[in-house]
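Chemist: Got a structure here, written out as structure tokens. Questions coming.
Throughout, read-outs are computed from the coordinates displayed, never taken from laboratory work. What you are looking at is a predicted structure, and each value in this text was computed from that prediction instead of being measured. Cβ placement follows ideal geometry from the backbone for every residue including glycine, while neighbour counts extend to all protein chains displayed.
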Amino acid sequence: MKHTDIQTLASRVEGPVLLPEDEGYDEERTGANLAVRHEPEVIVGAARAEDVQEAVRFAAERGLAVAVQCTGHGHAAAARGGVLVTTGRMTGVEVDPDRRTVSVGAGVRFEQVIPATAPHGLAPLNGSAPHVGVVSYVLGGGVGLLVRTYGYASDRVRGLELVTADGELRRVTADGEPDLYWAVVGGRDNFGIVTRLEMDLVPVSRVYGGGFFYDARAAPGVLNAYVRWAEDMPRQMNSSVALIPVPDDPEVPEPMRGRHVYHVRIAYTGSAEEGERLVAPLREAGPVLVEALRDMPYAESASIHDEPPVPVPFQRETALLREVDDDVLRTLLEHAGPRAPVPCVVELRHLGGAAAEPSEHPNSVAHRDAPYLLSVVTLLFGITAEDTRPLYEKIFEALAPVSSGARLTFLGFGANAGEDRVRAAYAPADLERLTRLKTVHDPQNLFRLNHNIPPATTGAASAS
Ligand SMILES: Cc1cc2nc3c(=O)[nH]c(=O)nc-3n(C[C@H](O)[C@H](O)[C@H](O)COP(=O)(O)OP(=O)(O)OC[C@H]3O[C@@H](n4cnc5c(N)ncnc54)[C@H](O)[C@@H]3O)c2cc1C
């Protein structure tokens, strides 16, 4: 890459252009998952849509792959060479309380949206951790805290601005460009880089939420009890259960320290009184270590899962499950429970309700009929992603008979983001249509450093 080319690029963009030897390169490329670090030839720290256009044109002219990073929580693959576009400077949040919409720049995280919508009694359909990026979560079919009550945020995308592989900035809506809209909402950056997204909000200002913690050894029946309980719940009841190996660390308060604990999480949109009544049977699941439930402003709902916004190295894997019976739970505990060879956080999220309904504006988010989403996460302290492979393979092979697919936002990286895993995120006919549209909009597979849908013409491309 010629120095003069870089100088020309830098003169055209407002944000920084960074090479590996530049101060700031390391900080700019480092995302929240410390196990996957991009090593691009050049980084464009985009400050506006035109910067993204310049970066994409620069890459396309040289046949370089383009990666995009907001927070770096959800990489599929690390760039080795190529161009990395970072979006953290594109932070505009515009709320329209009359239309009940919010428009966000590509770098916006939910923790910036929630305080802006709350004063209007409105909320976005965010996930459990508000420090993830809005665009990637929404376009990946993100599973929200209130998914059973209100369905997917993906289904509420009004429109977006997209820089396609030809460097053009397009306004994409369900009516204006129905094919591209259908593909991007679900197919994410396979079709371009989104610079702005507008979506509908929901009229939520409070929830009855929190959870129960149990010592897994003293309360071995929690998973079974939770699943039996969840089956009878109305769609206003959103919940999940996680089995968490809590570190034996003096900074962790008793009584959780050093134990495997079950954490049942609740976000109920009905009244606090009714919520209290509905969760009461969960006290019978076993001795409760800690109970923390309250009527809370929605702006405090991050406390329900309480996931710390600290960068850590992690791998993850996921499956949508068409049924969760005693055999499935036994399999999960056998492989990923307290005796697992590598520590795992195992989580089951209850779907159904509005999550099972089709979108008013068709998109490519699939597998809506699955009643549960399983995710397994391992913190890679003293181990590598490779060390998790044998265990993950065992778990997911054992669950294959009841798996109906995967959700893009929960897929991991490397081997856990391979062709078969991406295929699992889509309905077969949808994948064929996505491949046809990819062939039209990105025939060179410029956008391939992701959960990739290769175009029909090139087959699977290399990672850089
Ligand atoms: C603690 C924690 C809690 C989570 N909770 C949930 C949850 O409740 N529900 C859920 O569904 N998911 C959840 N996730 C997963 C999360 O939604 C995904 O990892 C998501 O992809 C993260 O997006 P990001 O922008 O923060 O990460 P990034 O790594 O920056 O982005 C991930 C990928 O999205 C694509 N992308 C990013 N920006 C753009 C853009 N502007 N245009 C097009 N494509 C883009 C790129 O392929 C990029 O590699 C959670 C993750 C963590 C770490």
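Chemist: Across 20 Å bins from 0, what is the distribution of all Cα-Cα pair distances for the chain, in whole percents?
Modeler: 25, 58, 17, 0
Chemist: Among the DSSP beta bridges whose two residues both lie in segment 3-86, what percent are antiparallel, rounded to the nearest 5?
Modeler: Restricted to segment 3-86, the bridges split so that about 20 percent are antiparallel.
Chemist: On to the next question. Treat the count of other C-beta atoms within 10 Å as a stand-in for reagent exposure and order K2, K394, K438 from fewest to most.
Modeler: Sorted ascending by nearby Cβ count, the order is K2, K394, K438.
Chemist: If you don't mind, another one. Charges only on Cβ, +1 for Lys and Arg, -1 for Asp and Glu: so what's the dipole of segment 206-412 about the Cα centre, in debye to the nearest 20?
Modeler: Its charge dipole is roughly 100 debye.
Chemist: Which cross-chain or sequence-distant (5 or more) residues have an amide H under 5 Å from the amide H of N238, H modelled 1.01 Å from N in plane?
Modeler: A267, Y268, T269
Chemist: Specify which residue in the list F314, G221, P390 is farthest towards the positive end of the charge dipole of segment 206-412, using unit charges on the beta carbon of Lys, Arg (+1) and Asp, Glu (-1), about the Cα centre.
Modeler: P390
Chemist: In whole Hz, what ³J(HN,Hα) sequence does segment 350-363 give by Karplus (6.51, -1.76, 1.60; θ = phi - 60°), x for Gly and Pro?
Modeler: Running phi through 6.51 cos²θ - 1.76 cosθ + 1.60 with θ = phi - 60° gives 7, 9, x, x, 5, 5, 8, 8, x, 7, 4, 9, x, 9 Hz.
Chemist: Next up: In whole Å, what is the distance between the alpha-carbon centres of segment 42-88 and segment 96-115?
Modeler: Cα centroid of segment 42-88 versus Cα centroid of segment 96-115: 23 Å apart.
Chemist: I've got another one for you. So what is the 222 nm mean residue ellipticity for the chain from helices alone, if each DSSP H run of at least 4 adds -39500 (n - 2.57) and you divide by all residues, rounding to the nearest 500 deg cm²/dmol?
Modeler: Computed ellipticity for the chain at 222 nm equals -7500 deg cm²/dmol.
Chemist: For segment 230-303 and segment 314-332, write down the distance between their C-alpha centroids in whole Å.
Modeler: Cα centres, segment 230-303 to segment 314-332: 20 Å.
Chemist: Sticking with this one: Can you give the angle from 0 to 90° between the axis of helix 385-398 and the longest principal axis of the chain, with both taken from C-alpha atoms, to the nearest 10?
Modeler: Around 60 degrees separate the two axes.
Chemist: To continue, here is another question. What does the charge dipole of the chain about its Cα centre add up to, to the nearest 20 debye, if the Cβ of each Lys and Arg holds +1 and the Cβ of each Asp and Glu holds -1?
Modeler: Charge dipole, the chain, about its Cα centre: 460 debye, nearest 20.
Chemist: Give me the dipole magnitude in Debye, nearest 20, for segment 153-195 about the Cα centre, with unit charges on the beta carbon: positive for Lys and Arg, negative for Asp and Glu.
Modeler: On the way: 5 positive and 8 negative charges, 37 e Å.
Here segment 153-195 has a charge dipole of around 180 debye.
Chemist: Working from Cα positions, state the angle (0 to 90°, nearest 10) between the long axis of helix 178-187 and the longest principal axis of the chain.
Modeler: 60 degrees
Chemist: So what are the radius of gyration and Dmax for the Cα set of segment 93-200, in Å?
Modeler: Gyration radius and largest Cα-Cα distance of segment 93-200: 13.1, 41 Å.
Chemist: Something else now. Picking from H441, P247, A302, whose Cα lies most toward the positive end of the charge dipole for the chain (charges on Cβ: Lys, Arg +1; Asp, Glu -1)?
Modeler: The residue sitting farthest along the positive end of the dipole is H441.
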